[in-house]
Amino acid sequence: MAKTSTTTQGLRAAIERSGYYPALVAEAVEAAVGGEPIQSYLVHQETTFDQNEVRRHVTVLVLTDHRFIVSHTDEQAADSTSPTPYATTSTESVKLDRVSSVVVSRVVANPESYTPGTLPREVVLTIGWGAVSRIDLEPAACGDPNCEADHGYTGSSTADDLSLRVSEAGDGPETVRQALAFAQAISEATADPAR
């Protein structure tokens, strides 16, 4: 799908529907996209509770012909560095050939009676491109419970670039559909051998 005014307007409308600083978010996303055709997008506004505060943030994912763009905006309360509340917006542009994994986890109710095409109640989309990795280490041990020798460490390394969870109950069925459509679009784009 080439970039059309409908696609651009759809992205802008989704940003505005999120209700989260739409002018700020749209400007950052549009600057990152530039003039490239938009193939797919996902806008996810999330509210979290941090002790006595309610915090909101929005993540916008955009797929173009050659790039995967991630934009994230957080709001912050006034603090010692700023006497007024403020927001921080960041964008990252990743060449599609750098995307190393796309993981889609679906949660479905009553799997024994699942009908193909039924919307999952929850989707977790994880995309890795090697920017952030997490290493979990723990002391290695042998099978002898009385052994006191140092066996070094064992652990695992996992890509931790982006993980986004949407649910039908919290975000609505349309956001779940959009997450699945975006996941399919980026999976297909990264499978293209011409990239």
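In segment 48-57, is there at least one residue being open to solvent by 60 Å² or more (accessible area, probe 1.4 Å) and among the polar types (S, T, N, Q)?
Checking segment 48-57: at least one residue is open to solvent by 60 Å² or more (accessible area, probe 1.4 Å) and among the polar types (S, T, N, Q).
Out of segment 25-47, which residues are open to solvent by 70 Å² or more (accessible area, probe 1.4 Å) and of a type in the set (A, V, I, L, M)?
Step one: filter segment 25-47 for residues open to solvent by 70 Å² or more (accessible area, probe 1.4 Å), giving 27, 30-31, 35, 46.
Ala31, the sole residue that qualifies.
Being part of a strand (DSSP E or B) and modelled with pLDDT under 75 is the filter; apply it to segment 147-168 and report the residue that is most open to solvent (accessible area, probe 1.4 Å). Before you say what the answer is, go through the steps one by one.
Going residue by residue through segment 147-168, those that are part of a strand (DSSP E or B) are 153-159, 162-167.
So of that shortlist, the ones also modelled with pLDDT under 75 come out as 155-159.
Values: Gly155: 53, Ser156: 56, Ser157: 81, Thr158: 51, Ala159: 54 Å².
Filtering first and then ranking leaves Ser157.
Only one of (1) more than 13 Å from the chain's Cα centre (by Cα); (2) open to solvent by 50 Å² or more (accessible area, probe 1.4 Å); (3) within 29 Å of Pro37 (Cα to Cα); (4) at pLDDT 95 or above fails for Ala194. Which number is that?
Checking Ala194 against (1) more than 13 Å from the chain's Cα centre (by Cα); (2) open to solvent by 50 Å² or more (accessible area, probe 1.4 Å); (3) within 29 Å of Pro37 (Cα to Cα); (4) at pLDDT 95 or above, the one that fails is (4).
So which residues in segment 96-110 are modelled with pLDDT under 95 and either more than 17 Å from Gln184 (Cα to Cα) or of a type in the set (D, E, K, R) (or both), if there are any at all?
Scanning segment 96-110 gives Asp97, Arg98, Ala109, Asn110.
The values are calculated or read from the model by the stated rules, or taken from the named source; none is laboratory data. This structure is a prediction, so every number in the text was calculated from the model and none was measured. The area values use the complete protein model at the heavy-atom level, side chains included, leaving out ligands, DNA and RNA. Shrake-Rupley method; radii C 1.70, N 1.55, O 1.52, S 1.80 Å.
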